[in-house]
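Throughout, read-outs are computed from the coordinates displayed, never taken from laboratory work. Quick caveat, the model's predicted, so the values are computed rather than measured. Because the Cβ atoms are built from the backbone with ideal geometry, glycine has one as well, and the counts that use them run over all protein chains shown.
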């Protein structure tokens, strides 16, 4: 019996260590700007959900960490294939760049990365498309960011964020969850 318990304990410790080491690459925190290469970024953070290549050779890679994660990371690669920086983009500073009446869907994708597909909704009567992201608000609570587009033109009508009032399936209670960081 003691042998089984110590094996179980070792297995648990090894499993936790693997999970924690996987989290180290989750945000690309261990990558070094000016040093890490594009292939190292992809090896660490995974295949990007979206990728843009500029005329000058620079690239931008989107890493959404949903559906339950509250962050999307953008990795910016210079023309020589080296990491410039990594930004978490689901924050107030990035939301302030959304310009109703001017921003379009392509600009929002490049700014925030892809929305959660299961929360994308089209309202036919209003000719309105809504994209949604799970975010961590300025008070450390989970919230949703909604961007509403004109369904015909694809131009932003408005954007707002609201608390995450989903019901916990285990307790059947609606509570705004705190963010896990």
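Data table
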{"quantity": "Least to most buried among 146, 56 (fewest other Cβ within 10 Å first)", "calculated": "56, 146"}
{"quantity": "Rounded if a/c under 1.5, otherwise prolate or oblate - the stretch 37-125, Cα gyration tensor axes", "calculated": "prolate"}
{"quantity": "Estimated inter-spin distance, residue 68 and residue 52, nm [label 7 Å along Cα→Cβ]", "calculated": "3.1 nm"}
{"quantity": "Mean Cβ neighbour count within 10 Å, used as a protection proxy, ranking 148-160, 64-76 highest first", "calculated": "64-76, 148-160"}
